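Worksheet: one structure, shown below.
The values are calculated or read from the model by the stated rules, or taken from the named source; none is laboratory data. Just so you know, these numbers come straight off a predicted model, no measurement behind them. Please note: Cβ atoms are built from the backbone with ideal geometry, for glycine as well, and neighbour counts cover all protein chains shown. Please note that ligands, DNA and RNA were not included when accessible areas were found on the heavy atoms of the full protein model with its side chains. Shrake-Rupley method; radii C 1.70, N 1.55, O 1.52, S 1.80 Å.
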Amino acid sequence: MPPDSELVLIVDFGSQFGQLIARRVRELNVFCQVVRHDLPADRLRALNPKGIILSGGPASVYEPNAPKPDPGLFDLGVPVLGICYGMQLACQALGGHVAPAAAREYGRADLTVTDPDALFNGYPAETTVWMSHGDQVQTVAGDFVPLAATHTCPVAAVRHTTRPVFGLQFHPEVSHTPHGNLILRNFLRDVCG
């Protein structure tokens with residue numbers, strides 16, 4: 001099977017970890033390509049990805065010139081995993097509310113999985129994750145289900161109820177999130193196929 005038949009796109013929003021996400025995906029034997037955030041949905045469709053990962057980034061989604069993807073990305077029917085800023089973008093585009101967190105969070109946080117969905121299959125109910133954000137999803141619409149929380153971030157992971165869209169406020173790609181590769185594996189294998 002040619003590599004492009006199993007292509008995963010990593011949409012880059014300026015994350016310091018964008019290349020690390022690509023490395024982790026490749027370590028799981030999945031072909032991936034990092035692409036810029038402003039590609040039109042038709043171009044993304046033409047690349048025929050099996051999955052799309054939205055990277056983190058330094059911007060705030062509510063700023064006027066914040067980088068955003070073509071909203072049609074969420075209508076492609078392709079599984080999407082938003083990481084940090086990527087989660088905030090997905091939730092905002094699909095009805096959630098993003099706002100500044102009470103305090104900027106950078107470092108380790110204790111995560112509790114509240115819904116062991118496909119993304120968290122085999123994942124510990126409680127573990128440590130790496131956070132790096134100033135904004136966070138405050139509320140999710142009825143179309144999202146919270147999957148995990150920390151003491152300071154009540155919506156630390158989500159899934160959409162009717163679309164194959166998932167989000168993580170933390171960074172599964174860094175070594176400071178001990179079981180992060182399992183989440184990426186679950187997304188790539190179980191969700192994207």
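Could you list, ordered by first residue, the pairs with Cβ atoms under 8 Å in which the first is in segment 107-121 and closer than 15 Å to Phe187 by Cβ and the second is modelled with pLDDT under 85 and in a helix (DSSP H, G or I), at least 6 apart or interchain?
none
Mind listing just one residue for me: the one in segment 49-58 that is within 14 Å of the chain's Cα centre (by Cα) and open to solvent by less than 20 Å² (accessible area, probe 1.4 Å) and, of those, modelled with the lowest pLDDT?
Taking the candidates together, the pick is Gly56.
If a residue has to be open to solvent by 50 Å² or more (accessible area, probe 1.4 Å), in a loop (DSSP other than H, G, I, E, B) and within 17 Å of Leu54 (Cβ to Cβ) to count, how many in segment 153-190 make the cut?
Qualifying residue count for the region: 1.
If I go through segment 47-70 residue by residue, how many of them are assigned to a loop (DSSP other than H, G, I, E, B), hydrophobic (A, V, I, L, M, F, W, C) and under 16 Å from Gly14 (Cα atoms)?
The total comes to 3.
Within segment 72-102, which residues are open to solvent by 20 Å² or more (accessible area, probe 1.4 Å) and within 21 Å of Gly18 (Cβ to Cβ)?
The answer is Leu76, Val78, Gln92, Ala93.
Among Leu73, Leu119, Leu81, which is in a helix (DSSP H, G or I), at pLDDT 85 or above and within 19 Å of Ser175 (Cα to Cα)?
Every option except Leu119 fails the conditions.
One residue is enough: does segment 59-69 have a residue meeting the conditions within 15 Å of Asp135 (Cα to Cα) and either surrounded by 21 or more Cβ atoms within 10 Å (Cβ to Cβ) or charged (D, E, K, R) (or both)?
yes
Do you know which residues across segment 26-40 are of a type in the set (A, V, I, L, M, F, W, C), open to solvent by less than 90 Å² (accessible area, probe 1.4 Å) and farther than 26 Å from Asp135 by Cα?
Leu28, Val30, Cys32
Which residue, of Thr150, Thr127, is free of Cβ contacts under 8 Å to residues at least 60 places away in the same chain and surrounded by fewer than 20 Cβ atoms within 10 Å (Cβ to Cβ)?
Thr127
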